[in-house]
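Enquirer: Dumping the structure here so I can ask a few things about it.
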Amino acid sequence: MQPRIPRTAAVLTALALTAAGCGGGGGGDDAADDGLQVWIMEGTNPDATDYFEAVGERYEEETGTPVDVEFVPWADAHDRFTKGMAGGTLPDVAELGTTFTPEFAQLGALADLSDQAGDTSAYNEALVEAGTFDGGLYGMPWYAGVRSVIYRTDVFEEHGLEVPENWDELRETAVTISEEEDDMVAFPVPGDAAYSVMPFIWGAGGDIAQESGGTWEGGLASAESREGLSFYTDLALEDGVSSTGAATWKETDVQDNFVDGNVAMAISGSWTPRAIEEADPELAENLGAFPIPGPEGGYSPSFLGGSHLGVFEGADTEAAWAYIELLTGDEFAQRWTEESTYFPGKQAQIEALADSDDPLVRPFAVQILEASRVAPVSPKWGEVEGAQVIPGMTQSVLNGDATVEEATETANTEIEDTLNQD
């Protein structure tokens, strides 16, 4: 989830308040008396209440401190955090979207957990990168989600198709399905889905943006990025494997159309198979997945999202860290994965899932381990997402409003201007 990132007066006053020691409602030295205050985002795990009751009971057994968990809707999360900064009502521990972490760290609202975490090599490197700001670790990797390709195994079998291993085979497979299945979108090219186009930009050797010496330089106007965007949009414009309507689709539209039987193959999240199973168990029996292929083989990098666990300034860091250790430890991390279908943050835990016999788990785990990347780690990246820069770039090409060169130049300038603004 990537909520909008507003800039309010509350945010501007937050730094002064947190510097003055305004921590969570149960934070600081009073944690043992008032209990540990925790905010968790709502909806990731349908069995979250039972899960957090179990974690809380274990924590209280080990520390003598009760835990108070509040579930916060993702759509309200950013506003809740910024108002909490202004009013001194932040929790001790909170789940943070990976784009929140550098922003709140820059504001001085989060505690640096480097000393507590020590060696982070046990965690997924991309998640650690996303939680690191100005040399400090402000977000501990908790869980991850990634996008690969899901497909209809029955459609593949009917037409004698194999899982594609490079971009040419991906195109050929989609073209075959498009020619043989009149009422089915072979491979949708959603225009309003930034994380669906990123693998092709990265896969071609392009980039979104890189920071050097305190300055961000955009990468979308490079020849490699343009090659990746061209391949992606040409699937719709030249090969006809998508549909005109898909130019406005979000990821949720792709999923809905897949459930309705209108899509044969699509880039989709690791959480999607569970959603499809719940919506149509019969369809789920004909569901497969594979990592996004690279141009000449191998894999194209896919955006690795998920959540961090952060500790707010003013909280008892040791008490908060003890809770984080429970959530990220093997027992509760495994249970979270089983209940939510998201992947754990520790590398060994992901590697175990890459050896799974489950054909709807293993490909996504391989994608994380072999080819995953995070968005530019900047406090201002949320503004880029809020402005819909990458979807705007993609849609302008799909709608014929701009060439690939024009669209990437515009998006590149917007990203540089945003990331480099004071």
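Enquirer: From the residues in the stretch 195-222 that are within 17 Å of residue 402 (Cβ to Cβ) and either touching a Ser or Thr at 6+ places or on another chain (Cβ under 6 Å) or among the aliphatic types (A, V, I, L, M) (or both), which one is surrounded by the fewest Cβ atoms within 10 Å (Cβ to Cβ)?
Expert: Result: 221.
Enquirer: Looking for something assigned to a helix (DSSP H, G or I) and open to solvent by 20 Å² or more (accessible area, probe 1.4 Å) - is there at least one such residue anywhere in the stretch 261-269?
Expert: No, that holds for no residue.
Enquirer: I need the full set of residues from the stretch 145-162 which are over 30 Å from residue 45 (Cα atoms) and among the aliphatic types (A, V, I, L, M), in order please.
Expert: Scanning the stretch 145-162 gives 155, 161.
Enquirer: Scanning the stretch 270-292 for residues that are hydrophobic (A, V, I, L, M, F, W, C) and part of a strand (DSSP E or B), which turns out surrounded by the most Cβ atoms within 10 Å (Cβ to Cβ)?
Expert: 289
Enquirer: Report yes if residue 135 is without any contact (Cβ under 8 Å) to a residue 24 or more places away in the chain and farther than 26 Å from residue 193 by Cβ, otherwise no.
Expert: Against the criterion (without any contact (Cβ under 8 Å) to a residue 24 or more places away in the chain and farther than 26 Å from residue 193 by Cβ), residue 135 qualifies.
Enquirer: Counting only residues that are at pLDDT 95 or above and aliphatic (A, V, I, L, M), which one in the stretch 73-106 is surrounded by the fewest Cβ atoms within 10 Å (Cβ to Cβ)?
Expert: By that ranking, first place goes to 105.
Enquirer: Taking the residues in the stretch 377-422 that are open to solvent by less than 20 Å² (accessible area, probe 1.4 Å) and not in a helix (DSSP H, G or I) as candidates, determine which candidate is farthest from residue 206 (Cα to Cα).
Expert: Here the residue is 379.
Enquirer: So in the stretch 135-165, with the set limited to residues that are in a loop (DSSP other than H, G, I, E, B) and touching a helix residue (DSSP H, G or I) at 6+ places or on another chain (Cβ under 7 Å), which one is surrounded by the most Cβ atoms within 10 Å (Cβ to Cβ)?
Expert: This residue is 139.
The values are calculated or read from the model by the stated rules, or taken from the named source; none is laboratory data. Note that the structure is predicted; figures quoted are calculated from it, not measured. Positions of Cβ are generated from backbone atoms using ideal geometry, with glycine treated the same way; all protein chains shown enter the neighbour counts. The protein model used for the area step is the full one, side chains on, heavy atoms only, and it has no ligands, DNA or RNA in it. Shrake-Rupley method; radii C 1.70, N 1.55, O 1.52, S 1.80 Å.
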